[in-house]
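Shown next, in structure tokens, is the structure this report addresses.
The values are calculated or read from the model by the stated rules, or taken from the named source; none is laboratory data. Remember, predicted model here, so these are calculated numbers, not experimental data. Here the Cβ positions follow ideal geometry from the backbone for every residue, glycine too, while neighbour counts run over all protein chains shown. These accessible areas exclude ligands, DNA and RNA; they are computed on the full protein's heavy atoms, side chains included. Shrake-Rupley method; radii C 1.70, N 1.55, O 1.52, S 1.80 Å.
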Amino acid sequence: MSSKFESSIRQIPHPQTAVYNMLSDLSNLERIRDRIPADKIKDFTFDSDTISVSAPPVGNISLRIVDRDEPKCIKFETEKSPVPFNFWIQLLPVTTDSCKMKLTIKAELNPFIKGMVKKPLEEGIEKIADALQAINYGDGQ
């Protein structure tokens with residue numbers, strides 16, 4: 001059974017292209033490494049297309065960017081995860097200097113697993129949205 005989890009829509013005070021350029025190259029995560037809570041996330045590694053973390057009690061998770069629809073959407077797919085899922089970052093322009101962002105996770109979950117992961121996923125997607133909203137995207141360079 002397919003389950004979908006969405007973040008609240010976030011306003012970002014930076015141009016859509018600057019946000020897209022930053023988030024579509026995962027090596028830019030170096031800029032926010034210090035904001036990641038070490039007690040929640042371990043073994044945080046990344047390159048331009050992949051990100052891997054160890055998140056107790058969930059375990060090891062690796063995501064790869066599988067589609068870039070510039071400047072609107074970045075789609076990720078799990079390479080390694082206890083529960084396979086897809087993850088999207090959607091960006092829509094509001095003005096020339098701001099945009100809206102929404103995060104979506106879609107996973108195939110049986111009712112038992114869904115009951116266990118629903119709350120952590122809902123909280124997790126909002127925390128990811130918080131972190132992405134707080135980035136200073138500057139000029140996207």
**Message:** Full-extension gain between residue 80 and residue 60, please, as 0.36 nm times their residue separation minus the C-alpha to C-alpha distance.
**Reply:** 6.5 nm
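Give me the extension gain from residue 48 to residue 95: residue separation times 0.36 nm, minus the current Cα-Cα distance, reported in nm with one decimal.
14.1 nm
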**Prompt:** What's the extension gain from residue 8 to residue 127 if we count 0.36 nm per residue and subtract their Cα-Cα distance?
**Reply:** 41.8 nm
**Asked** Ignoring any ligand, DNA or RNA, what whole percent of the accessible area of the range 64-137 comes from carbon and sulfur when the probe is 1.4 angstrom?
**Response** 55 percent
**Request:** Hey, can you find the accessible area per residue of the chain for me, probe 1.4 Å, expressed in square angstrom?
**Result:** 57 Å²
**Request:** Quote the charge dipole size of the chain about the Cα centre in Debye, to the nearest 20; the model charges only the Cβ of Lys and Arg (+1) and of Asp and Glu (-1).
**Result:** 460 debye
**Complete:** Measuring from the longest principal axis of the C-alpha atoms of the chain, the long axis of helix 111-134 (C-alpha) lies at a number of degrees, nearest 10, equal to 20 degrees
**Item:** Inverse mean reciprocal Cα-Cα distance (Kirkwood Rh) of the chain, Å
**Value:** 15.5 Å
**Asked** By a straight-distance test (C-alpha under 13 Å), which aspartates and glutamates pair with residue 4 as possible cross-link partners, with residues fewer than eight away in the same chain excluded?
**Response** 108, 122
**Request:** Give me the aspartates and glutamates in straight-line cross-link reach of residue 75: C-alpha distance below 16 Å, same-chain residues under 8 apart excluded.
**Result:** 6, 25, 47, 49, 67
